[in-house]
Amino acid sequence: MKDQARWNSFVSACLNCGNCELAKTRTNVVIGRGSNLDAPVLLVGEGPGEQEDLTGQAFVGRAGKLLDHLMNALMFDADDYYICNIVKCRPPNNREPLPQEAQACLPWLRFQVKYIRPPILVCLGATALKYLVGEEARITKIRGNWIECPGFFRIMPTYHPSAALRDPTKKEEMFQDMKKVKQYLLSMRNQAQK
Ligand code: URA
């Protein structure tokens, strides 16, 4: 049984966060999207864009629509996944978060990972990969290949949906990568039933 009070105090701490300069320009803190805090899949993007900043919801703009479309096409249930970002406040003009902004925000993401304890983590794009896997990792080289973190989770690196919006080839590759996630989720569930 999860301690909902811990989650609630995490949420209020995030909403009051002033750990980096992004706090000065944000409209809303974007904590994440998903109603199941036991979701087996945690998707991690880069940072909120304009629509996310205005609504306080993760991935609700064009990139989010593509992601939802892809998840629906692969028949993921809404309860199967939770979506969040490396940083919880919008970087001005959608620039990549600065290293100090990402480092200031990462403890919040670590809390979410520890609380949700997902067996599967998906890095959406280069920024998520950089902070969750390492500086040297290249999305174009390692996407679609599982990275094992035994005892914790396995990571699937794939493209950011914004990159897939710009390039149909990447969209297809992203679909194939998320298909592997779906297959693994189904195999986990089959194992659990045995
Ligand atoms: N891009 C991201 O990385 N995250 C969002 O929430 C929206 C767009």
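Just a few scattered comments:
- Across segment 40-194, Cα-Cα distances exceeding 26 Å account for 20% of all pairs.
- Expressed as a whole percent, the accessible surface of segment 73-113 that belongs to carbon and sulfur atoms is 56, based on a 1.4 Å probe.
- Ellipsoid equivalent to segment 1-126 - semi-axes via the Cα gyration tensor, in Å: 22, 18, 12
- Signed unit charges on C-beta, dipole axis of the chain, positive-most listed residue T169, P92, Q103: T169
- Residue-normalised accessible area of the chain, expressed per residue, 1.4 Å probe, Å²: 52
- Rg over Rh for segment 104-194 works out to 0.99, using Cα positions for both radii and the Kirkwood form for Rh.
- All other residues whose Cβ lies under 15 angstrom from that of C14 are scored, Lys and Arg at +1 and Asp and Glu at -1, for a net of +4.
- Loop-located trypsin sites (Lys or Arg not before Pro) across segment 64-149 with a Cβ neighbour count of 15 or fewer within 10 Å are R95, R138, with loop assigned by DSSP.
- Converting phi to 3J(HN,Hα) with the Karplus coefficients 6.51, -1.76 and 1.60 and the offset θ = phi - 60°, segment 110-117 yields 4, 4, 4, 5, 5, 6, 6, 6 Hz in sequence order, with x at every glycine or proline.
- Expressed as a whole percent, the proportion of Cα-Cα pairs in segment 38-97 lying more than 20 Å apart is 25%.
- Accessible carbon and sulfur surface of segment 144-190 relative to its total accessible area, %, 1.4 Å: 56
- Spin-label model distance (nm) - D167 vs V113, 7 Å beyond Cα toward Cβ: 2.6
- Listed by chain and number, the lysines whose C-alpha is less than 27 Å from the C-alpha of K2, apart from same-chain residues fewer than 8 away, are K88, K114, K182, K194.
- Figure legend: label point modelled 7 angstrom from the Cα of L54 along Cα→Cβ; residues of segment 13-35 with amide N under 15 Å from it are 27-28.
- Mean separation of Cα pairs under 8 Å and 6 or more residues apart, divided by the residue count, gives segment 33-119 a relative contact order of 45 percent.
- Projecting the Cα positions of T25, I83, F153 onto the charge dipole of the chain (unit charges on Cβ atoms of Lys, Arg, Asp and Glu, taken about the Cα centre) puts F153 furthest along the positive direction.
- Computed log₁₀ I(q)/I(0) - Debye formula, equal Cα scatterers, no solvent, segment 64-125, q 0.16, 0.19 Å⁻¹: -0.66, -0.88
- In the chain, the DSSP-assigned H stretches of four residues or longer account for a calculated mean residue ellipticity at 222 nm of -14500 deg cm²/dmol, using -39500 (n - 2.57) per stretch and the full residue count as denominator.
- Value of relative contact order over segment 49-194, rounded to a whole percent, pairs C-alpha under 8 Å and six or more apart: 21
The values are calculated or read from the model by the stated rules, or taken from the named source; none is laboratory data. Computed from a predicted structure; not experimentally measured. All Cβ positions, glycine included, derive from the backbone under ideal geometry; neighbour counts span all protein chains shown. Side chains are part of the model used for accessible areas, which takes the heavy atoms of the whole protein and leaves out ligands, DNA and RNA. Shrake-Rupley method; radii C 1.70, N 1.55, O 1.52, S 1.80 Å.
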